[in-house]
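Beneath this line is the structure, given in structure tokens, with notes to follow.
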């Protein structure tokens, strides 16, 4: 906590004078460029590796960067975020970003969660379709550790879950929304994007990438 408090004091004394006008403008409303779904993992910092400013990203973070289908009972926070981003904010781009060394993916792969965590166990059930998908495609990303292979497959699976929302499906079909699959390699501090043509996650270089890099049709 001392580190957090020192950070707040430093923000107030050193950073706040330069950003007060920005936050004064944002206080009137938000119009983010992107709905960004990321893991709660403390090592994954979207605003840092995407070099974004306050107001650029509408972020949903949860254990395992999961998006349950709309007809699944249970926690509705992810569904609420999807609806608000789509209907309330009208975002045009959605990124689902997994990452390496993900504890949630390791738990799903091993079939074990910490003792006494029934809510965690139930939540990770939304990631198990990705496990079945990986078992059906055993040659996927063979050079990666098992949990990283599962993490990458899970990103694609969550894209399918997201596409099952009527609001999202309609906007994608009319060209009003694009879905992007990203994966953050923690050790290399490198962002990878799904390449449809190569069927693999590749480094995200820039807007001049070949068509289809990062966008899941």
Self-check item: Computed FRET value (nearest 0.05) for residue 128 with residue 33, which takes r as the C-beta separation and R₀ as 30 Å
Solution: 0.40
Quiz item: What is the projected area of the convex hull of the Cα atoms of the chain, averaged over all directions, in nm²?
Solution: 14.2 nm²
Quiz prompt | the chain - percent relative contact order, Cα under 8 Å, separation 6 or more | solution = 19 percent
Exercise. Give me the distance in nm between label points sitting 7 Å out from Cα along the Cα-to-Cβ direction at residue 160 and residue 51, one decimal.
Key: 3.5 nm
Quiz prompt | Protection proxy ranking, peptides 56-68, 33-45, 135-147, average beta carbon neighbours within 10 Å, highest first | solution = 56-68, 33-45, 135-147
Self-check item: Acute angle (nearest 10 degrees) that the helix 146-163 long axis makes with the longest principal axis of the chain, alpha-carbon atoms
Solution: 70 degrees
Quiz item: Using the 10 angstrom Cβ neighbour count as an exposure proxy, how do 155, 202 rank, fewest first?
Solution: 202, 155
Quiz prompt | For the chain, calculated [θ]222 nm from helices alone, where every DSSP H run of n ≥ 4 adds -39500 (n - 2.57) | solution = -10500 deg cm²/dmol
Quiz item: When a footprinting reagent is the concern and you count Cβ atoms within 10 Å, what order do 154, 101 take, fewest first?
Solution: 101, 154
Self-check item: Segments 173-184, 83-94, 8-19 sorted - mean Cβ within 10 Å per residue, highest first
Solution: 173-184, 83-94, 8-19
Exercise. With r as the distance between the Cβ atoms of residue 20 and residue 76 and R0 = 30 Å, compute the FRET efficiency 1/(1 + (r/R0)^6) and round to 0.05.
Key: 0.25
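Where a number appears in this text, it was derived from the coordinates with a stated rule and is not lab data. None of these values were measured; they are calculated from a predicted model. We place every Cβ from the backbone using ideal geometry, glycine too, and count neighbours over all the protein chains shown.
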